[in-house]
Amino acid sequence: AGSMAARWVPFEAERRVVERLDIDFGDARDDEPMQRYLNALAARLLPLMQAPGSGIDVTVHYDSEATFNAFATLGGNLLFYRGLLQVLPNENALAMVMAHEIAHVLHRDPAAGLGGGVASALLLAGLTGNAGTGAAAGVLSRAGVVTGMQFTRRMELAADRAAAGAVAGLYGHLNGAAMLFEVIGEARGSGDGGTPGWLERFAATHPLDVDRIAAIAARAQELGVALDGPTTPLPANFARWLEP
């Protein structure tokens, strides 16, 4: 019930709650080149994904840990880890994961995807404005807003769909979008004879990588755009920015 209700907390109230908690996302300064580049890419994608004046914004943070992950959390905060960024082949693949995480924010998935206790604390803090003390502060910790989210396969597929539309709008084609899922599949060793595909379809939170790649092809046909086209390279200094 708390997860369902938290989706209705106004985004501005959600953002104020997170600001009061003063949570440190990532370990980069705002003026570092990687952080500036990631936020600039997000600023190019966001207008393609929401109507003007919608009032939802995102802030991208960078963490130099070798963790293979990126995620969206409360208050429009996105966190990208070096471990994921260092294996992406081009900006198109990065734009796909960026747009995917932005879509989670626009769909209010972080609020809805929190565990019941954390979501209820968010609802309470959003209604009362009291996020700095008491039970809400205790539950809405960094551990809560970072590790408490559980997105469903339905949320993931909806985010993929919205992201593909944004990437197509930015580059005019969807080359590079499927590369993201190929890289993810290789990184986590999918197809190595472990969990059978038919079982993973029912057991995994995320859809199978091969299914997501097929969905990209179907989305390209729906949008009337090509699956091939020139990919945009990452900035010349990207590898240097990734150095620990």
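Some notes on this structure:
- Sorted largest first by accessible area at a 1.4 angstrom probe radius, with every protein chain in place, the residues LEU227, LEU41 fall in the order LEU227, LEU41.
- Each of the peptides 57-64, 93-100 was scored by the mean count of other Cβ atoms within 10 Å over its residues; in descending order, highest first, they stand as 93-100, 57-64.
- Restricting the calculation to Cα atoms, every distinct pair contributes to the Kirkwood radius of segment 4-55, found to be 13.6 Å.
- Fully extended contour minus Cα-Cα distance, from THR67 to ASP24, at 0.36 nm per residue: 13.8 nm
- Summed side-chain charge close to ALA159 - residues other than ALA159 whose Cβ falls under 11 Å, Lys, Arg +1, Asp, Glu -1: 0
- Note on exposure: GLU156, GLU65, GLU19 ranked by accessible area (1.4 Å probe, complete protein assembly) read GLU19, GLU65, GLU156, with the most exposed listed first.
- DSSP beta bridges in segment 57-103 [antiparallel fraction, %, rounded to 5]: 45
The values are calculated or read from the model by the stated rules, or taken from the named source; none is laboratory data. Everything quoted here is computed from the prediction, not taken from an experiment. Because the Cβ atoms are built from the backbone with ideal geometry, glycine has one as well, and the counts that use them run over all protein chains shown. Each accessible area value is taken on the protein alone, full model and side chains, heavy atoms only, with ligands, DNA and RNA left out. Shrake-Rupley method; radii C 1.70, N 1.55, O 1.52, S 1.80 Å.
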